[in-house]
Amino acid sequence: MPTLRSSLGYMTTTACVTEDASSLAHRMSLLGVARNEGVAYVVEDVGGDEMPIVYRLWLRGPRQGHLVPIHAWYERCEDPAEIRAKIAELAPTLEVAIPTTPEAWMLSTRIVARRALRVAGPTSCADQPIRKFALQLLVEPVSGLGPSGKTTVTAFLRPHAQLVEVWSLPGGDAAVARVSYTGIPSGLGLDKDTFILLTAGIYGVDDPDEM
């Protein structure tokens, strides 16, 4: 069985860990919704005193479902305090999304593609590749009725993901979900978040920035 042999070879000849565990997991939070703009604002905390990353999650239009960093905020800014001040100024102007029960939703995953990458730097695993996956995430309501969505992310070391939170958006016809997955190949593999738009009209879109 050539396929089985190649799968076993891939899993047994790629490294499970790296020695560098200095990086911190990345956490995303939903700041709020600007209905007039058709976007939800999402903040990614990358740990320590590093500059947080602010995204727009487009709720309608040609970019619907895409999570896009606000590049203009960072073009001439190198001070994390300035970005945090902008976040604090923006937050009161946004509508609050309503948390829902995550157990009412189910997450399914599918490996779309897999590769092996070399570990950078002088580590004991530098002569052994690490696993990289294109991992599709699909969030659906358990009842079968309601909005759904999907996206594809780049996962490392193991194709594991967890549905953490779900919010109903103002208007009640859409929702957003936060999914955590192994997205940082440091130490034992550290977590990274993504947000998925759930709608009745589409299953979401693949985020090209994640691949």
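Each reported figure results from applying straightforward, stated rules to the coordinates on display, with no laboratory input. Since the model is a prediction, treat every value here as computed from it, not as a measurement. Every residue, glycine as well, gets a Cβ built from its backbone with ideal geometry; the counts of neighbours run over all protein chains shown.
Could you work out how much longer the chain between Ala116 and Asn36 gets when fully extended? Use 0.36 nm per residue separation minus the Cα distance between them, nm to one decimal.
Here the answer is 24.4 nm.
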Q. Got a sec? Which residues in segment 39-55 would a label at His71 touch, if it sits 7 Å along Cα→Cβ and we count backbone N under 18 Å?
A. 53-55
Q. Peptides 36-43, 131-138: what's the order by average Cβ count within 10 Å, highest mean first?
A. 131-138, 36-43
Q) So what's the gap between the Cα centers of segment 43-108 and segment 145-179, to the nearest angstrom? A) 15
